[in-house]
Each structure stands twice: as structure tokens, then as C-alpha cells.
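The values are calculated or read from the model by the stated rules, or taken from the named source; none is laboratory data. Keep in mind the model is a prediction, meaning the values are calculated, not measured. With ideal geometry, Cβ positions are generated from the backbone for all residues, glycine too; neighbour counts draw on all protein chains shown.
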């Protein structure tokens, strides 16, 4: 059967999904013809629909986050006019908000949880013209009603899955757009239940269905890198696993194998306080160019009580210093801005902490992901944004009584400037969101071009002095 898998990242630029790739790998292994399509802008909808009309599939599967699901409310009705194929949607949002099926009348069903084998069962049933209404993990429209099937157990051994499959041209395009970075992930789930993260609600959805956090074996992970190296051109790797340092035995075996076989530099995520000196040495020896450190917030009390993160500022500082001492120079400090109960003054504590660290600041706007503890707090206080479509993690959408949307956006916009330019005062004039934004615009609109003009003028002036006509 012809199957089309679609990964939308409207407003976020080219990317690819390891989850969609894993579904494609299982379907291809079973003999189905699978195509992969990425949508990064609304302008691509019409050409996409024409492609479907010209080469009709029998099954179309989308994967969507909460923000992208809002775009599907525009895309799927238009797509329905171009095809009679069954259209389903999987991913994080349908898993935690399955009742969203009723929001798109032209959507035939959703896939909850891990989608590899539900999609395989559905494709086989459609190909063989069998009833598909009782497949576990599927919620489907059937005879005028919605059939809500139970979840099957989690896949216990990730090594049984084939390697993720992608359209080679689409994946290469995403790598090229990210300066040669190839993102890979070898685990599922997380050992922690942070109240702002979808892993908190996903672990609850799958309670009693098996071990939530699982890892591919180091040997299988290495084999996947070798497979991708034969297909794709990349300059470095980013391992997206959230807690790559938590299983010490896995960590040691994987990076020992990596060091023996590859020379590509790489990045990985770190949780403060989990990196030991031997681990830091192993990362550097294996080729670590940088790490992404989850700081989240600069105020210890706020970080512990609101975010459930028990590590101290000293834990963060020790982790940064440990990386630096081993020669891992690029330490990206990841923080969130616009959290429930946060204020401008609390945010400035994050700026102060980041100023005191030898890090590259990297910030996100907090988004209330459905089902999480912090999203429930937002709902109870009527802080859930009315704006449905926004740029995820970059656009402020919540108005708190003590921290307005404009203030949050201004703090997001100038965060990196404030961290890097430590001589700038934080209270005056930066306590005012309006002045924050004005200062940021001044720096970017006037100072940066002026500095560029000066840099260009200096060599021109030197040439004029050297080559000017002599009297």
C-alpha cells in the first residue's frame, strides 16, 4: 500500500522527526511503499495537495505537537478535498489530547502513543479490506461514532525496531539548513517528571503499560550512525536524549565505541549534577564539541518549588566548570522565560546566574503543554492563551497579572544581549519591558550596522593610505 507520512513544522523551518522515521521504518520493512513529506510553511499546502492528487496514497499519517495541531485544522480540510485516503494523526498532542479528534471533522482517526505497530496494523487492514475499528492505540470514526481503543504495552526492547527511515533529500535539506548538524536519539521517555514537560503526562498515560524510559543498545545506536553516515552528509551530530548521563554503564559503552569508530564532533544534553569527572573526560575524548545544560531558571527556590528541579546553582556551576576544565568549550545554558508565578525580578535572577557562568545563553518562551502540572495551574487561573496559533517556544502568548505578555516577549528578545553585555544595568532602564525592547531594537538596528560599517571602513582606509597618489 502507498502510505504518505507528513511532519509539519509550520513557522519553525526545515526539520525531521525520529518518531515519524521509526514508523516509516516498520512500514517499509513490512513491504509497504512509504513516502515522507515535511511541511514548514502554509504556502506549501496547495503544492502538497496537488502532489497528493497526482500520486494518491491509500493512507496519510500526520505527526503533530500541540502548536502544529492547530495548523492541521486548516490543512486537513483542504487535503480532504484532494483525496479519499484515510487520514490519521499521531504524535504527542493526539496522545495527551485524544478528544481533539472531534475538532477536525475531516480527520478519520488518531494514533495514541507509540505509532509503529498501530500504523502497521492499520495499513495491513486497509490493504486487505478488513475492519480496522478495534486496533489498539487507535481512536477512529466508525458508523457515526468515535471508537476509543485501549493502549497496547510499550515496546520493551527498542532494538527490535528497524532504523528510522526518512526521505533522503528532505533529511539532507534539514541537515544543511542547520549548518551540517544531524540530530539523533537513541532513547524513549525520561526518568524525570518535570511539571512543564510532556514526559510528565506521557508517563501517566502509559502507567501500567511497561517501563517508560528505554534505550537502544549501544551497539545498535552505533550501527544507526554508520547507516546514516553512508546516506547523508553531515559535519557533526547532536544526541537529543534527555538523560544520556543517567545510565552510567550505557554511557561508558556507547562513547567508548563512538570514540573507536568515529571522528565527528558531537553535542549532547546534560542535566546539572549528573556529570562526573570520568564522564567529562570520556565525552571530551570521544569528540564532544559542546553540551546543552538544562538550567531552566536562576532562582533556586523558584526552580525547586515551581519547576521541581532540585539541583542548586552550585551544581550548575560545577557542571559548567567540569566541562570547561576538560576542554568542552561550548556549554549552552537553556532557560525558560514566562513561567507561571514568575516576575520580571525573578527573571533577572536567571540573567544574573547566566552572567556568572561561562555559558552560551539559549532561551525559550514557556508553553503550557496540555496535561502537565503547570498547564493545569494556567488553566485554573485562566492564564491559558486565547491565541491558538503561535511560534512555539519563541512567541509569548500568556498574560500573567504580574508578568505581562509584552514583558515576557521583551525579556525573551533581549536575554542574550543582557547576558553577554554584562556592563549593562539590569534595573535601570531594563526593568521596564518597553525600554528593554527599545534598547534591544536600538542595539540591533543601529549599533550592529554601525560596527559592521566601521569594520568595513578600516581596511578601505588602510588601502587608501597605502595607494593614495604621492605629491
query = When residues of the range 158-195 are filtered for being within 14 Å of residue 19 (Cβ to Cβ), in the same structural domain as residue 367 (by TED's automatic domain parsing), touching a residue at least 40 places away in the same chain (Cβ under 8 Å) and assigned to a loop (DSSP other than H, G, I, E, B), how many remain?
reply = 2
remark   = Filtering the range 18-36 down to residues that are over 14 Å from residue 168 (Cβ atoms) and in contact with a helix residue (DSSP H, G or I) (Cβ under 7 Å, 6 or more places away or on another chain) yields 22, 23, 26, 27, 30, 32
ask   = Yes or no: residue 283 assigned to a loop (DSSP other than H, G, I, E, B), buried (at least 17 other Cβ atoms within 10 Å of the Cβ), modelled with pLDDT of 95 or more and touching a helix residue (DSSP H, G or I) at 6+ places or on another chain (Cβ under 8 Å)?
value = no
note = Restricting attention to the range 252-279, the residues that are in a helix (DSSP H, G or I), under 18 Å from residue 318 (Cβ atoms) and touching a helix residue (DSSP H, G or I) at 6+ places or on another chain (Cβ under 8 Å) number exactly 2
ask   = Hey, among 320, 331, which residue is part of a helix (DSSP H, G or I) and surrounded by 15 or more Cβ atoms within 10 Å (Cβ to Cβ)?
value = 320
message = Among the residues that make up the range 25-43, is at least one of them free of Cβ contacts under 8 Å to residues at least 40 places away in the same chain and more than 26 Å from the chain's Cα centre (by Cα)?
response = yes
remark   = Residues of the range 198-221 being crowded, with 19+ Cβ neighbours inside 10 Å and in a helix (DSSP H, G or I), in sequence order, are 198, 199, 200, 201, 202, 218, 221
message = Here is a list: 94, 56. Which entry is surrounded by 23 or more Cβ atoms within 10 Å (Cβ to Cβ) and not assigned by TED's automatic domain parsing to the domain that holds residue 375?
response = 94
request  = Return the total of residues in the range 2-31 being modelled with pLDDT of 95 or more and assigned to a loop (DSSP other than H, G, I, E, B).
outcome  = 2
query = Just wondering, is there one or more residues in the range 386-399 that are at pLDDT 90 or above, under 30 Å from residue 94 (Cβ atoms) and out of contact with any helix residue (DSSP H, G or I) (no Cβ under 9 Å at 6 or more places or on another chain)?
reply = no
note = With criteria (1) touching a helix residue (DSSP H, G or I) at 6+ places or on another chain (Cβ under 8 Å); (2) free of Cβ contacts under 8 Å to residues at least 12 places away in the same chain, residue 146 comes up short on (2)
key: Check on residue 126, in the same structural domain as residue 10 (by TED's automatic domain parsing), more than 28 Å from the chain's Cα centre (by Cα) and surrounded by 15 or more Cβ atoms within 10 Å (Cβ to Cβ)   = yes
remark   = Residue count, the range 70-91, condition more than 23 Å from the chain's Cα centre (by Cα), crowded, with 16+ Cβ neighbours inside 10 Å and not in a helix (DSSP H, G or I), comes to 5
remark   = Here the residues within the range 295-310 that are in contact with a strand residue (DSSP E or B) (Cβ under 9 Å, 6 or more places away or on another chain) and either modelled with pLDDT under 95 or in a helix (DSSP H, G or I) (or both) are 303, 309
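A quick yes/no check of all residues on (1) surrounded by fewer than 19 Cβ atoms within 10 Å (Cβ to Cβ); (2) within 30 Å of residue 99 (Cα to Cα):
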| site | (1), (2) |
| --- | --- |
| 296 | no, no |
| 338 | no, yes |
| 396 | no, yes |
| 399 | yes, yes |
remark   = Only unsatisfied item for residue 432, checking (1) within 28 Å of residue 13 (Cα to Cα); (2) at pLDDT below 90, is (1)
message = Given the criterion in contact (Cβ under 8 Å) with a residue 40 or more places away in the chain, over 19 Å from residue 60 (Cβ atoms) and either in contact with a strand residue (DSSP E or B) (Cβ under 9 Å, 6 or more places away or on another chain) or outside any helix (DSSP H, G or I) (or both), identify the matching residue among 141, 134, 152.
response = 152
